[in-house]
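Remarks on the structure that follows.
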Amino acid sequence: MIHKPAPRLDVDLEKVHHNALTLVDRLRKRGIAVTGVTKSTLGSPEIAKTWLRAGVHGLGDSRIENIERMRGSRILTPMTLIRSPMLSQVDEVVALTNVSFNTEITVIRKLSAAAKKADCIHGVVLMVELGDLREGIMPRLLKKAVREVLGLSNLLFMGIGTNLACRSGVSPNRKNMCELSALANSIDAAFGPIVNTVSGGNSANLDWAFSGTEVGRVNDLRLGEALLLGCEPLHRKIIKGLHTSAITLVAEFIELKNKPSKPWGEIAQNAFGEVVTSRKQGFTNQAILAIGRQDIEPDGLIPPAGIKILAASSDHLIVDVGNYHGMMTVGTEVSFQLNYSALLRAMTSPFIPQIMQRPQMKLLTTKR
Ligand SMILES: *Cc1c(COP(=O)(O)O)cnc(C)c1O
C-alpha cells in the first residue's frame with residue numbers, strides 16, 4: 001500500500017477532465033471558448049494539461065510566477081496574464097505570456113517598450129469597468145485607450161474584457177453583457193474590425209451564458225472555480241452534470257475525546273480576537289484534526305454528513321464527530337469538500353501536498 005501524506009489535497013484528474021470537457025462543450029454550442037484560469041491551483045501543470053486535453057483554448061493566471069511554473073513544464077499554449085501587469089514585471093510578462101489584461105496606459109507603454117526590446121509582439125486586452133468596481137477603464141474612455149494602444153509598436157490590440165461579481169457581487173446579465181458587445185461594435189465602427197476577443201467574465205457568467213439569451217459578441221469566458229469545484233459562484237449552485245468532488249481535502253485526527261461542551265475558567269479573547277459566547281451544557285464527542293487556519297479557511301470546508309466543524313486555530317481544526325465516535329480513532333482520515341476560498345488557501349499552503357490521481361495509473365505526488 002502506498003502511504004499517503006496528511007493533510008493533502010486529492011485531485012481526481014478524471015473528474016477535473018470531465019468538468020472541463022462538459023463546460024467546453026456546452027459553451028462551444030453558445031459560441032464561447034473557455035480560458036482555463038489556473039490561479040487557484042498555483043499554476044498546477046497537471047491540472048493545466050488536463051484542461052488543455054479537454055479543449056480549453058488557452059490558459060490565464062493572475063500571477064506571473066504561476067505562468068512561469070507552467071512554462072517550465074513545457075506548456076506552450078497561449079497564456080494570458082489576467083491581472084494588470086506590474087510595471088516592475090513587464091519584461092517577464094512579454095517573455096512568458098502572449099497577452100495581458102490592461103487598464104493603465106503607463107503600463108501599456110512599458111509593455112510596448114519591453115516587447116520592442118525582446119523583439120516580439122505582445123497582445124493587449126483592455127478591461128472595461130461595468131459596475132463591479134474592481135479593474136477596468138470607464139466605458140466612455142475606452143476608445144481613447146484603444147487609439148493609444150494602436151499607436152504603440154510591438155503591441156497587438158486583441159479586444160476587450162470585463163470582470164464582474166468579484167468585488168461587489170454585481171451579476172453578469174443581459175444588460176451588462178449587451179453593453180460589452182455594444183462597446184466591441186463601437187470600437188470596430190471607429191477603427192475597423194479589430195476586436196477579436198470579447199472576454200465576458202468568469203465562472204459567475206455561466207448562468208447568463210446558459211440562460212438562452214443572445215451572447216452577442218462575447219466569445220470567451222475565463223473559468224476557474226466552475227471547472228474545479230463544479231459550482232457557480234453567484235449562488236453557489238451545483239452545475240448540472242459536474243463533479244463537486246474533483247478536489248478534496250484530507251486531514252487526520254490527532255485527538256478524540258468526550259469533553260464538556262462549555263469551557264471553564266475566566267473567559268477573555270481567544271487567539272483570533274473573538275470572545276467565545278456561551279455554549280450549551282453537556283458533553284461533546286470532540287476531535288482534533290491536524291490542520292488549521294494557516295492551511296485552510298475553516299468556514300469554507302464542507303464536512304461529511306454527521307461531522308460538524310466547531311472551531312479552528314492556527315494548527316487545529318476542532319470538530320464534533322457525534323455518533324461516529326466509536327468508528328474513529330487517532331490516525332483516521334476525514335475528507336472535506338472545499339469552497340473557493342478554502343481551495344485557494346489549501347492550494348497555497350506549503351504544508352498540503354497535492355496528490356494527482358490519474359485513472360489506472362500510479363499515484364504521483366507534487367511536493368513543493
Ligand atoms: C480569478 C479570475 C477569473 C476566474 O474566476 P473564477 O471565479 O475562478 O472562474 C477570471 N478573470 C479574472 C480577471 C480573474 O481574476
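The values are calculated or read from the model by the stated rules, or taken from the named source; none is laboratory data. Quick caveat: nothing in here was measured; it's all calculated off a predicted structure. Every residue, glycine among them, receives a Cβ derived from its backbone with ideal geometry; neighbour counts consider all protein chains shown. Surface areas here come from the heavy atoms of the whole protein model, side chains and all, with no ligands, DNA or RNA. Shrake-Rupley method; radii C 1.70, N 1.55, O 1.52, S 1.80 Å.
Points to keep in mind about this one:
- The range 247-359: relative contact order in percent, alpha carbon pairs under 8 Å with at least 6 residues between: 33 percent
- Sites listed here are trypsin sites (Lys or Arg not before Pro) in the range 151-235 whose DSSP assignment is loop and whose Cβ has at most 15 other Cβ atoms within 10 Å: R167.
- Net dipole in debye of the range 219-292 [+1 Lys, Arg Cβ; -1 Asp, Glu Cβ; about Cα centre; nearest 20]: 360 debye
- Antiparallel bridges, percent of DSSP beta bridges restricted to the chain (to nearest 5): 50 percent
- Between the range 218-256 and the range 4-51, the alpha-carbon center distance in angstrom: 10 Å
- Dipole of the range 31-229 [Lys/Arg +1, Asp/Glu -1 at C-beta], most positive-end residue of P85, I105, S73: I105
- Expected 222 nm ellipticity per residue - DSSP helices of 4 or more, -39500 (n - 2.57), all of the chain, to 500: -8000 deg cm²/dmol
- Hull volume in cubic angstrom per residue (convex hull over the Cα atoms of the range 9-49): 68 Å³
- Using alpha-carbon coordinates, inclination of helix 174-191 to the longest axis of the chain, degrees: 30 degrees
- Of K39/K143; K15/K240; K257/K280; K49/K116; K116/K144, those spanning more than 24 Å from alpha-carbon to alpha-carbon: K39/K143; K49/K116
- Pairwise Cα distances in the chain exceed 39 Å in 25 percent of cases.
- Selected from V56, V16, V330 as most flexible by GNM, with the chain as the system and alpha-carbon contacts under 10 Å: V330
- Shape of the range 31-229 from the C-alpha gyration tensor: oblate (a/c of 1.5 or more and a/b not above b/c, with a ≥ b ≥ c the square roots of its eigenvalues).
- Taking the centroid of alpha carbons for each part, the range 275-331 and the range 115-175 are 45 Å apart.
- Each Cα pair under 8 Å and six or more residues apart adds its separation to the average, and for the chain the resulting relative contact order is 17 percent.
- Taking the chain as a Gaussian network of alpha-carbon nodes connected by springs under 10 Å, the highest mean-square fluctuation of the residues E46, E129, E274 belongs to E274.
- Eigen-decomposition of the gyration tensor built on the alpha-carbon atoms of the range 247-359 gives equivalent ellipsoid semi-axes of 26, 18, 11 angstrom, largest listed first.
- Percent carbon-and-sulfur accessible area, the range 31-229, ignoring ligands, DNA and RNA, probe 1.4 Å: 52 percent
- The local environment of A33, defined by Cβ-Cβ distances under 11 Å, has a net charge of +2 under the rule Lys, Arg +1 and Asp, Glu -1.
- Entry note, the range 31-229: relative contact order of 18 percent, from Cα contacts under 8 Å with a spacing of 6+ residues.
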